[in-house]
1. Just from the alpha-carbon atoms, what are the Rg and Dmax of region 44-104 in angstroms?
2. Let's test the formula: R0 of 30 Å, r as the Cβ-Cβ distance of residue 60 and residue 27. What FRET efficiency results, to the nearest 0.05?
3. Can you give me the relative contact order of the chain as a percent, contacts being Cα pairs under 8 Å and 6 or more apart?
4. Which percent of the accessible area of the chain is formed by carbon and sulfur heavy atoms (probe 1.4 angstrom)?
5. Computed from the mean reciprocal separation of all distinct C-alpha pairs, what Kirkwood hydrodynamic radius does the chain have, in Å?
6. Net charge around residue 84, counting only other residues with Cβ within less than 15 Å of its Cβ (Lys, Arg = +1; Asp, Glu = -1)?
7. Less than 12 Å Cβ to Cβ from residue 34, Lys/Arg counted +1 and Asp/Glu -1: what total charge do the surrounding residues give?
8. Could you give the length gained on full extension between residue 6 and residue 67, defined as 0.36 nm per residue of separation minus the Cα-Cα distance, in nm?
Amino acid sequence: MSTVPISAYLTLALVLFCIGLYGALTKRNTVIVLISIELMLNAGNINLVAFSKFGMMPSIDGQVFALFAIAVAAAEVAVGLAILIAIYRTRKTVNVDEFDALKH
């Protein structure tokens with residue numbers, strides 16, 4: 001049975017983080033920005049699990065931290081979508097460029 005080297009996990013996390021960063025910085029749609037932030041958080045979770053498995057003292061600590069990060073990310077998405085729905089009801093748009101002030 002062959003094992004996947006840690007460099008493969010780190011490369012995957014790097015690619016996911018770069019895609020998420022590109023989407024968060026360049027896209028105008030707020031939903032796409034939220035999805036991009038989730039990609040960046042998942043890249044961090046992959047790193048946590050990889051270092052937990054391949055660290056000097058392999059343990060379950062990284063996986064527990066990844067579960068907590070997933071729970072926080074789920075709460076972040078719920079709050080972000082609630083704010084987005086509230087903004088859409090008042091402004092009738094989801095473009096990031098048009099969110100320059102809290103009151104219109």
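The values are calculated or read from the model by the stated rules, or taken from the named source; none is laboratory data. Only a predicted model underlies this, so the values are computations on that prediction, with no experimental measurement involved. Ideal geometry is used to build each Cβ from the backbone, glycine not excepted, and the neighbour counts take in all protein chains shown. Protein only, heavy atoms only, side chains kept; ligands, DNA and RNA dropped before computing areas. Shrake-Rupley method; radii C 1.70, N 1.55, O 1.52, S 1.80 Å.
1. Using the Cα atoms of region 44-104, the pair Rg, Dmax is 18.4, 55 Å.
2. Details: r = 36 Å, r/R0 = 1.20.
FRET efficiency, residue 60 to residue 27: 0.25.
3. Numbers: 92 pairs, mean separation 25.9, N = 104.
Taking the mean separation of contacting Cα pairs over the length of the chain, I get 25 percent.
4. Numbers: 5530 of 7580 Å².
Of the solvent-accessible surface of the chain, carbon and sulfur hold 73 percent.
5. Working: mean 1/r = 0.0645 Å⁻¹.
Final number for the Kirkwood radius of the chain is 15.5 Å.
6. On the way: positive: 27, 28, 89, 91, 92; negative: 38, 76, 97, 98.
Charge balance in the 15 Å sphere: +1.
7. On the way: positive: 27; negative: 38, 76.
Net of charged neighbours comes to -1.
8. Values: separation 61, 0.36 × 61 = 21.96 nm, distance 1.99 nm.
Full-extension gain reported as 20.0 nm.
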